[in-house]
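> I'd like to ask you about the structure that follows.
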Amino acid sequence: MGLVEYETTGAVARITMNRPPVNALDSKLIADIDEALSAAGDPAIRAVVIAGGKHFAAGADITRFIDAFDSESSETQASGLGAVVRRLELLQKPTIAAITGYALGGGLELAMGADFRYMASDAKVGQPEILLGIIPGAGGTQRLARIVGFQAAKEMNMSGRHLTAAEAHALGLADEVIEPDELSDGVMAAAARWAEGPTRAYWAVKKSMGDGYGHSIDAALEIERDAFDEVFATTDAKTGILAFVNKQKPDFSGI
């Protein structure tokens, strides 16, 4: 993981991209993120933070697109990034993207794979692919619409404009806006709180909402019922219910 720093603090894993100056997403960085996400799948890890440095990630490495024009294959790193975003999305624990500087194009698509996005107050996000005559290829037209709504997502994808943290928060794209020098500590504190919760129940919420979205209400409710039955059989469910009855604070184990 030469382009990614992977650290753990208690039950929280922090994945920090480190490809100066702007964490442009090339195949090596994408592969290193994938390796870090694999490590974060450890059951002992119960919350994950993904972050950058001065910038979260200012999109794909556009210079690598030139190679695709001369290749017989139509594939670019978009497919690899899409798989990594999906892997982040499917981690069975809470995840937070800590957005500093720019999160543009593939950078915003990566951030949208996380459950929550905490932004520095001076950060900017956007899907500017249209300005190159292309479109997002790692979920930008799909996840963005789920998060901010169809029309707002269409405007963002067709204009390519950058949003401020305040604008992103107003649309629901940013869950929290924090002063830049307080972002790292704020995100890690939030992740630590998530790591103390009922991890498998969190996953059940993620899975139920993700799998149920777009289905008929009857099909979606069936997905929810199946998830409820699975979670009700966990140790944490028993812990939580008994703690409530006994007027105690539950000590969830994540199992």
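> What distance in nm separates the simple spin-label points at Asp229 and Ala166, each placed 7 Å from Cα in the Cβ direction?
5.1
> Still on this model: Glu182 to Ala39: extension gain in nm, 0.36 nm per residue of separation minus the Cα-Cα distance? Don't jump to the answer; show the numbers that get you there.
Working: separation 143, 0.36 × 143 = 51.48 nm, distance 2.68 nm.
Once the chain is fully extended between Glu182 and Ala39, it gains 48.8 nm.
> Pop the C-beta distance of Leu242 and Asp218 into the FRET formula with R0 = 35 Å and round what comes out to the nearest 0.05.
Working: r = 33 Å, r/R0 = 0.95.
Efficiency, rounded to the nearest 0.05: 0.60.
> Still on this model: Suppose each label sits 7 Å from its Cα in the direction of the beta carbon; what would the Glu89-Met1 distance come out to in nanometres?
2.3
> Using Cα centres only, tell me the gap between segment 185-255 and segment 8-25 in whole Å.
Computed from Cα coordinates, the inter-centre distance equals 27 Å.
> Which of the lysines could be linked to Lys206 by a straight reach, that is with a Cα gap under 27 Å, when you skip same-chain ones fewer than 8 residues away?
The reachable lysines, counting only those whose Cα sits under 27 Å from Lys206, are Lys93, Lys124, Lys154, Lys238, Lys249.
> Also, I was wondering about something else. In debye, nearest 20: dipole of segment 105-255 around its Cα centre with unit charges on the Cβ of K, R (+) and D, E (-)? Spell out each step's value before the answer.
Details: 14 positive and 22 negative charges, 38 e Å.
The calculated dipole for segment 105-255 is roughly 180 debye.
> Across segment 164-205, what fraction of all alpha-carbon pairs, as a whole percent, falls in each successive 5 Å bin from zero upward?
Cα pair-distance distribution for segment 164-205, in percent: 5, 19, 18, 20, 20, 13, 4.
> Considering the Cα positions of the chain, please state its Rg to one decimal place and its Dmax as a whole number of Å.
Expressed in Å, the Cα Rg and Dmax of the chain come to 18.8, 68.
Every number in this text was worked out from the coordinates using simple rules, so none of it is lab data. None of these values were measured; they are calculated from a predicted model. So basically every Cβ, Gly included, is an ideal-geometry build from the backbone, and we count neighbours across all protein chains shown.
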